[in-house]
Structure formats: C-alpha cells, structure tokens
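> After the structure tokens below, expect a handful of questions from me.
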Amino acid sequence: MTQKPTACLALADGTVFYGMGFGATGETVAELCFNTAMTGYQEIMTDPSYAGQVVTFTFPHIGNTGVNPEDDETADPVAEGMVVKWDPTKSSNWRATEELAAWLAKRNRIGMGGVDTRRLTRAIRHQGAPHVALAHDPEGNFDIAALVQKARAFSGLEGLDLAKDVTCAQSYQWNEMRWAWPEGYRPQTVPKHKVVAIDFGAKRNILRCLASAGCNVTVLPATATAAEVLALNPDGVFLSNGPGDPAATGAYAVPMIKGVLAADLPVFGICLGHQMLALALGATTIKMNHGHHGANHPVKDMETGKVEITSMNHGFTVDSQTLPDGVEETHVSLFDGSNCGIRMSGRPVFSVQYHPEASPGPQDSYYLFERFAEAMSA
C-alpha cells in the first residue's frame, strides 16, 4: 500500500507537487527559490534575507548533520519553509544538538520531502521564482483549488519592504569573533575601530567577521537616521544584508546613507546593503528572474582578474547600466554577468552583492573586511 502524501506545494500556475511533510503542520504562502549549496541548510533557514521565501534545496542530503545553536544566523528560522528531495535522515555529526524536523516543528516552519527537486528547480529557472502555497497535514487532506488561489493572491516581493520586519528592535553592542578551534567563539577584547552596523536583516557571522577584523560594533535598526548614526561618532559604517525589494527599503535607508556619505566616512555594504548603497549613489535595482542562491557562485574581481567562489542570496540586482560617473563596477558574476560589486572612485566606499562572511571559498573574500578596517585606519 502506498503511503498517502502528507504535504503539498501548489504553484500559482496550478502545478502541484506532493510529498511527505515534516516539521510544523499548517500552511504558508511565499515566493519559491532554489538554493544549490551542499552545506549550511541551518544557516540558510535562519538567514533573514530569506524572509517571504520557501527554499528548495537541490542538494539531496538535508538534515544529515542535524542542527545546533552555534550555527543560527539569527534567533529563529526566517525562511517560510523548505522543500527537499529526501526526508531528513537521523543526524550524524558531533556538533548536533537536535534533529532538523524537531527544530522546524518547534519554530513553526514547514518542511516537505520526497519531491523531484530537479523538476521543481527547472520550473523556477524557466518561469521565474513562482508564488506558492506550502501545506503539511498528517491526515493528507488538501483543498488544492484553495491552495492555488492563495498562491495566486500572494502579493510577491516586488515593492515589499521586509527589512523593517527582521531588523533589531533596538541598538546593541557586538564583540563575538569568528568560530575557531578549539575554543569556539571568543570576544574581541582589543578593538581598533568603532563601527556602526545598520541591521537590514544582519547575519551574525557578518558581525563576527567585523569583530575579527578589529571592530567594536554597534548595531542600529534599519530605520536609523543619519543623525543617529553620526551621533555615535563611528570610524566607519556597515550596511548589512536583508530581504525584500531594495527600492522599498530605500525610501528611508537612502536618505540615511546619503547623510553618512556627506560625512566622508568609510562605508562597506553586503547584499541588500550593496543595493542600498547603489541606490544612494544614483543607480537603480531590478528584480531577477530566479535570483542567485547558493555557495558556489564564481565572481570575477575586475580590478585583479581573480575569481572568488562566493555564497549568494538575492532576488534583486543592481543594474550596472545605471551606475553614475564616479562609481566603478568592481565585481561581476561569471554565471550571468550581473553586477556583484561597486566602489566610489577615490573614496573608501564600496560594497559587494555576495556574502564574504559565509566562507565557501573558504577565505577568498575575507579581504573585504580587512579592506574596510584598513580604510578606517587610514
């Protein structure tokens, strides 16, 4: 006797995928993306940049290393749910403290296994990131017509400011450095630079990299004004990653960034922070067909000719055709030629689209944090 499906994924075009549910029960509506990383599913699920998205993992072995509190990028999962090829197996890793399915259930996130993720990934590539409804019912009872209708009714991420939903409620200090064997995370006790980090949905490991580069970090909410930033008298300002449409978040972030630029401070941005900086400098951003999500993206440094293997997570990109005079394109994707980095000519203001803190290279891109520290020293 075949087992009745306990989960289903309904796409707005009427396509339906069935599988076996795990984690929380219920349903959620979101944009669907695929991620090609072979490791780091916990970091991906807790990355605030995935707000409003369900993640399809192309790598089949999801759940095999369990989960542990040290690998969370923020306190709880932010991605709406996950779709995988095989049901999670029992974990086998010395650092695991919990099983993936139990962790998802506790944190109200739906998982679905037993899906042909290659077919699903092809659908995303061909039609663009679709709107979907993901449901998990242990009894296997689904109202497909209603789920398809909910997927169709989803407003999508264009025009959506999600940074305000995932940012911190109030400012805080950060001094924890990168994980190192055997002691794990250590505090930064001799910082050289005062940095204000604007939290559009910051990953903890970015803050750790700043601390490891010698920074005393004060994190401010996404809605902070230029006056609030400058009142802290920082040596430099960092613009974090985050979710949603950069043009929507830019409504309040761009005036702040312009104020910081007028104060002639070093500025470093990552991901959404990169897009925010580009908007403040006069460029525009556009929605991509299916975005870049993975830990194996080759990016070329146009100034040195070197290629970095990078981690990426973005559905919008800076339109390099709109970069104004005085702003140079420093990095491009070797997958599709899209913009992956900019800098102001003659000023220590720069940003990248990818995630240098995620270390897929593994150390290909850490120089960016050192470059920011050097700019503050100078």
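The values are calculated or read from the model by the stated rules, or taken from the named source; none is laboratory data. Remember, predicted model here, so these are calculated numbers, not experimental data. All Cβ positions, even for glycine, are placed from backbone atoms using ideal geometry, and neighbour counts span all protein chains on display. The accessibility values were calculated without ligands, DNA or RNA, using every heavy atom of the protein model including side chains. Shrake-Rupley method; radii C 1.70, N 1.55, O 1.52, S 1.80 Å.
> Suppose we filter ASP137, ASP143 for residues that are of a type in the set (Asp, Glu), farther than 15 Å from PHE268 by Cα, without any contact (Cβ under 8 Å) to a residue 40 or more places away in the chain and open to solvent by 10 Å² or more (accessible area, probe 1.4 Å); which single one remains?
Within the list ASP137, ASP143, the selection yields ASP143.
> Working only within the stretch 67-83, note down all residues that are closer than 24 Å to ARG208 by Cα and either touching a Ser or Thr at 6+ places or on another chain (Cβ under 6 Å) or open to solvent by less than 40 Å² (accessible area, probe 1.4 Å) (or both).
Of everything in the stretch 67-83, those that are closer than 24 Å to ARG208 by Cα and either touching a Ser or Thr at 6+ places or on another chain (Cβ under 6 Å) or open to solvent by less than 40 Å² (accessible area, probe 1.4 Å) (or both) turn out to be VAL67, ASN68, ASP71, ASP72, GLU73, THR74, PRO77, VAL78, ALA79.
> With the requirement that a residue be in contact (Cβ under 8 Å) with a residue 60 or more places away in the chain, surrounded by 18 or more Cβ atoms within 10 Å (Cβ to Cβ) and in a strand (DSSP E or B), what does the stretch 340-367 give you?
Passing the criteria: GLY341, ILE342, VAL349, PHE350, SER351, VAL352.
> Confirm whether ALA247 is modelled with pLDDT of 95 or more, of a type in the set (A, V, I, L, M) and under 22 Å from GLU374 (Cβ atoms).
Criteria not met by ALA247.
> Quick one: TRP86 ticks every box in (1) at pLDDT 95 or above; (2) open to solvent by 20 Å² or more (accessible area, probe 1.4 Å); (3) among the hydrophobic types (A, V, I, L, M, F, W, C); (4) more than 29 Å from PHE316 (Cβ to Cβ) bar one, so which box is it?
All conditions are met except number (1).
> Mind telling me which of the residues THR6, THR36, THR65, THR25 ends up being among the β-branched types (Val, Ile, Thr) and out of contact with any strand residue (DSSP E or B) (no Cβ under 7 Å at 6 or more places or on another chain)?
Matching residue, one of THR6, THR36, THR65, THR25: THR65.
> Let me ask something else. Any residue at all in the stretch 112-123 that is crowded, with 16+ Cβ neighbours inside 10 Å and under 15 Å from the mean Cα position of the chain (by Cα)?
No, because not a single residue in the stretch 112-123 is crowded, with 16+ Cβ neighbours inside 10 Å and under 15 Å from the mean Cα position of the chain (by Cα).
> Write out, first by first residue and then by second, each pair whose Cβ atoms fall under 7 Å of each other, whose residues are 6+ apart or on separate chains, and whose first residue, in the stretch 247-265, is within 12 Å of LEU277 (Cα to Cα) while the second is open to solvent by 60 Å² or more (accessible area, probe 1.4 Å) and hydroxyl-bearing (Ser, Thr, Tyr).
MET256/THR225
> Checking ILE257 against (1) open to solvent by less than 30 Å² (accessible area, probe 1.4 Å); (2) in a loop (DSSP other than H, G, I, E, B): exactly one of these is not met. Which one?
(2)
> Which of the residues spanning the stretch 318-330 are open to solvent by less than 10 Å² (accessible area, probe 1.4 Å) and either modelled with pLDDT under 95 or within 23 Å of TYR50 (Cα to Cα) (or both)?
Matches in the stretch 318-330: VAL318 only.
> Follow-up. Among the listed residues ALA105, ALA153, identify the single one that is open to solvent by less than 60 Å² (accessible area, probe 1.4 Å) and over 24 Å from HIS314 (Cβ atoms).
Just a single option satisfies the conditions, and that option is ALA105.
> Further, regarding this structure: Which count do you get for residues in the stretch 262-299 that are closer than 26 Å to GLY236 by Cβ, of a type in the set (A, V, I, L, M) and surrounded by fewer than 18 Cβ atoms within 10 Å (Cβ to Cβ)?
Qualifying residue count, the stretch 262-299: 2.
> Which residue is surrounded by the most Cβ atoms within 10 Å (Cβ to Cβ), if the candidates are limited to the stretch 183-199 and must be touching a residue at least 40 places away in the same chain (Cβ under 8 Å) and not aliphatic (A, V, I, L, M)?
ASP199
> Could you check the stretch 200-247 and list, in sequence order, the residues that are buried (at least 24 other Cβ atoms within 10 Å of the Cβ) and part of a strand (DSSP E or B)?
Correct list: CYS215, VAL217, VAL237, PHE238, LEU239.
> Of all residues being open to solvent by 30 Å² or more (accessible area, probe 1.4 Å) and hydroxyl-bearing (Ser, Thr, Tyr) in the stretch 52-66, which is nearest to MET177 (Cα to Cα)? Just the residue, please.
The extreme case among them is THR65.
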